[in-house]
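This report refers to the structure that appears directly beneath it.
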Amino acid sequence: MAEILLSEAEKAFIHHGVQDDLRCDGRTRLDYRPIILETGLVSNASGSARLRLANSDILVGVKVELASPLPDKPQEGRLEFFVDCSANATPEFEGRGGEDLANEICRFLQRSYASGDTINLSELSVLTGQQCWVLYVDILILECGGNLYDAVSLAVKSALYATQIPSIKVATMDGDQPELELSDDPYDTKRLNTENIPCVVTLMKIGNHYLVDPTPEEECCSSSGIVVAVSGNKKITAVRKIGSGSLHPDSLVSMLKTGSEVGAVVNTILMKKLLEEETLELSQKVGFMR
């Protein structure tokens, strides 16, 4: 992530604000910045979304394709994540500078979705042991404004919510060899149940307190924190420690509890925004972020 150079006076100002529960932008420790969301942007994708969390800008496209299921999971489809950090997001991403961060986000998403309670992958099965739907989730980080894990997870959930999976029928031909028939109707599609897809909450510790949705300046003032993936039913599906500092066990337990509660609230807010976005008429959509 982009490194911000701060003076000792600026760091002290941020520390005192966190201590008084009044951050530099007027938020409390557990407040998120405004979320702006738009779906259905990429016409040649099965689902897409662009999300802005303050200055963090994420574009996600989902492509649905038929493939063979994994040998150990013959009755399930699968999701595959790919993260790319645009060189325009921050100078540190030029060349292969963003590769490590992209790999970290990709691995954490895979772990977050590995729990069977997040998404029913059996819905993606077409022909047991032979064919299934594979959802290729391509994530592009357009701008880096802090708290990338949370912004990426919200954008991915929004894109999966908007993803349309074509209806397909299995017909038996001569010789008992099954044949797949795609529906000719482009509107004959189905959608995944995304209610329990996890939202990621990042909690950074500054001084004796911790906060959510940190800005780049706040990230520079913190030496430790955790990233928590929380499903719609408040279940924690993955946890990752970030930063070089240590965390007291009592602090860790408190942060996990707070992360679970905040994650459930964020999930509710996001689902409400997605429903509002879905009810907008096409004539009201005029481009990126309207």
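The residue that is nearest to Y210 (Cα to Cα), counting only those in region 237-249 that are open to solvent by less than 50 Å² (accessible area, probe 1.4 Å) and of a type in the set (G, A, S), is G245.
Quick check on S115: is it in contact with a Ser or Thr (Cβ under 7 Å, 6 or more places away or on another chain) and either within 26 Å of L30 (Cα to Cα) or hydroxyl-bearing (S, T, Y) (or both)? Taking the combined requirement at face value, the residue satisfies it.
Scanning region 176-193 for residues being outside any strand (DSSP E or B) and not polar (S, T, N, Q) gives a total of 8.
Of all the criteria given as (1) of a type in the set (S, T, Y); (2) open to solvent by less than 20 Å² (accessible area, probe 1.4 Å); (3) in contact with a Lys or Arg (Cβ under 9 Å, 6 or more places away or on another chain), the one not satisfied by S183 is (2). In summary, E218 fulfils each of the numbered conditions (1) assigned to a helix (DSSP H, G or I); (2) modelled with pLDDT of 95 or more; (3) open to solvent by less than 50 Å² (accessible area, probe 1.4 Å) with the single exception of condition (2).
The residue list L66, L79, L37 contains one member that is more than 16 Å from the chain's Cα centre (by Cα) and more than 14 Å from L140 (Cβ to Cβ), which is L66.
For L247, the criteria (1) part of a helix (DSSP H, G or I); (2) under 25 Å from L109 (Cβ atoms) hold in every case but one, which is (1). In region 10-35, the residues that are more than 11 Å from T215 (Cβ to Cβ) never reach a residue that is open to solvent by 80 Å² or more (accessible area, probe 1.4 Å) and in a helix (DSSP H, G or I) with C-beta atoms less than 7 angstrom apart, at least six apart or across chains.
The condition (being in a loop (DSSP other than H, G, I, E, B), open to solvent by 30 Å² or more (accessible area, probe 1.4 Å) and not acidic (D, E)) is satisfied by just one residue among K234, K205: K234. Among the residues of region 1-14, just one is in a loop (DSSP other than H, G, I, E, B) and either modelled with pLDDT of 95 or more or acidic (D, E) (or both), namely E3.
For (1) farther than 27 Å from G225 by Cα; (2) part of a helix (DSSP H, G or I); (3) open to solvent by 10 Å² or more (accessible area, probe 1.4 Å), each residue gets a yes or a no:
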{"site": "D100", "(1), (2), (3)": "no, yes, yes"}
{"site": "N103", "(1), (2), (3)": "no, yes, yes"}
{"site": "C106", "(1), (2), (3)": "no, yes, yes"}
{"site": "L109", "(1), (2), (3)": "no, yes, no"}
{"site": "E123", "(1), (2), (3)": "yes, yes, yes"}
{"site": "V134", "(1), (2), (3)": "yes, no, no"}
{"site": "G145", "(1), (2), (3)": "no, no, no"}
{"site": "D150", "(1), (2), (3)": "no, yes, no"}
{"site": "L154", "(1), (2), (3)": "no, yes, no"}
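The values are calculated or read from the model by the stated rules, or taken from the named source; none is laboratory data. Model, not experiment: these values are computed from the prediction. Every residue, glycine as well, gets a Cβ built from its backbone with ideal geometry; the counts of neighbours run over all protein chains shown. All accessible areas refer to the heavy atoms of the entire protein, side chains included, with ligands and DNA or RNA removed. Shrake-Rupley method; radii C 1.70, N 1.55, O 1.52, S 1.80 Å.
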